[in-house]
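What follows draws every value from the coordinates through simple rules; no lab data is involved. These numbers were taken from a predicted model, which means no experiment stands behind them. No Cβ is skipped: glycine too gets one built from the backbone with ideal geometry, and neighbour counts run over all protein chains shown.
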Amino acid sequence: MIQIKPIDTPDEDVTFEHGKVEIVHLDGISIARATFQPGWRWSEDAKPRVGTDSCQMRHNSYVVSGRFRVRTDDGEERELGPGDAHVVGPGHDAWVVGDEPCVTIDFIPPTAEVEASRP
């Protein structure tokens with residue numbers, strides 16, 4: 001079996017003040033392309049809609065372009081940039097660093113709470 005869906009025509013398209021998330025659903029996984037504009041911060045843009053103190057979704061992601069910073073609830077803080085594959089566990093804040101949009105690709109298992117990551 002081969003499944004193909006172009007991310008440019010997503011199954012879900014979530015737009016918000018500082019960016020957008022485009023999601024395609026495939027058998028066993030969803031793939032999201034997030035474009036965060038300068039000024040985006042999870043705790044300011046997503047927290048009011050999601051209703052948790054921090055993002056509670058695990059991210060299995062790859063940074064395509066731009067930079068962002070992540071701070072976990074226990075205080076660990078790291079900056080990520082182009083080419084960085086990463087896993088960030090539940091309980092974190094994140095924000096764009098610099099004047100360039102940050103584009104990431106997120107690989108979402110079928111049991112993930114997609115709502116927790118939506119800005």
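Some notes on this structure:
- Residue match in the stretch 29-38 (condition: of a type outside the set (S, T, N, Q), out of contact with any Pro (no Cβ under 8 Å at 6 or more places or on another chain) and over 15 Å from residue 14 (Cα atoms)): no
- Only listed residue being assigned to a strand (DSSP E or B) and farther than 12 Å from residue 105 by Cβ, chosen from 14, 24: 14
- Residue count for the stretch 19-39, restricted to those that are surrounded by fewer than 18 Cβ atoms within 10 Å (Cβ to Cβ), within 16 Å of the chain's Cα centre (by Cα) and not polar (S, T, N, Q): 7.
- The single condition from (1) closer than 19 Å to residue 109 by Cα; (2) surrounded by 15 or more Cβ atoms within 10 Å (Cβ to Cβ) that residue 7 fails is (2).
- Listed by position, the strands (runs of 3 or more DSSP E) inside the stretch 40-87 whose residues that are buried (at least 16 other Cβ atoms within 10 Å of the Cβ) number at least 3 are 59-65, 67-72.
- Yes/no for residue 14 being over 13 Å from the mean Cα position of the chain (by Cα) and either surrounded by 17 or more Cβ atoms within 10 Å (Cβ to Cβ) or over 14 Å from residue 103 (Cα atoms) (or both): no
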